[in-house]
1. Give all pairs with beta carbons closer than 6 Å in which a residue from the range 136-149 that is farther than 16 Å from residue 118 by Cβ meets a residue that is at pLDDT below 90 and in a helix (DSSP H, G or I); count only pairs at least 6 apart in sequence or on separate chains.
2. From 132, 116, grab the single residue that is buried (at least 20 other Cβ atoms within 10 Å of the Cβ), in contact with a helix residue (DSSP H, G or I) (Cβ under 8 Å, 6 or more places away or on another chain) and not in a loop (DSSP other than H, G, I, E, B).
3. Please go through the range 88-105 and give me each residue that is closer than 18 Å to residue 30 by Cβ and without any contact (Cβ under 8 Å) to a residue 60 or more places away in the chain, ordered by number.
4. Kindly indicate which of 43, 59 is within 15 Å of residue 109 (Cα to Cα) and touching a residue at least 40 places away in the same chain (Cβ under 8 Å).
């Protein structure tokens, strides 16, 4: 009897090897904590049309309740809880993605134009850039620097 018959079925999520590999960073302050799981599922659907999501990290301050951290992990995202300025940690994580030979696309969900120099550096190194943001407060500067723009409306994210 084969090992598979004894242990049951082996399931694997199908990956599209033809899609470019994508890493995504989310500034946790941009998430709607009331619908966090649903928001992330909708974001995943949108990102899947651009590339194959390989890395998904959310940078959070230490004020985020544990229940939301658990929801992030259940959705397949790596929460990184920091005690200092989240922008600094997001910048460090961004540089790791930018210098990775495994990724062709880097996505940022942030409204902070302080990330413009990082985005420019990523483009200099040949990375394609996705910028995600909400209707309100979406940075035109970041929009102009991106190769792909995903504007998330409250209606698109709402489950009501």
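1. Pairs that qualify, where the first residue is farther than 16 Å from residue 118 by Cβ and the partner is at pLDDT below 90 and in a helix (DSSP H, G or I), are 149/143.
2. Numbers: 116 fails: buried (at least 20 other Cβ atoms within 10 Å of the Cβ).
None of the other options fit; the residue is 132.
3. Filtering the range 88-105 down to residues closer than 18 Å to residue 30 by Cβ leaves 88-91, 93-94, 97.
Hits for the range 88-105 are 88, 89, 91.
4. Details: 59 fails: touching a residue at least 40 places away in the same chain (Cβ under 8 Å).
That would be 43, the only listed residue that is within 15 Å of residue 109 (Cα to Cα) and touching a residue at least 40 places away in the same chain (Cβ under 8 Å).
The values are calculated or read from the model by the stated rules, or taken from the named source; none is laboratory data. A quick note: this is a predicted structure, and the numbers were derived from the prediction, not measured. All Cβ positions, glycine included, derive from the backbone under ideal geometry; neighbour counts span all protein chains shown.
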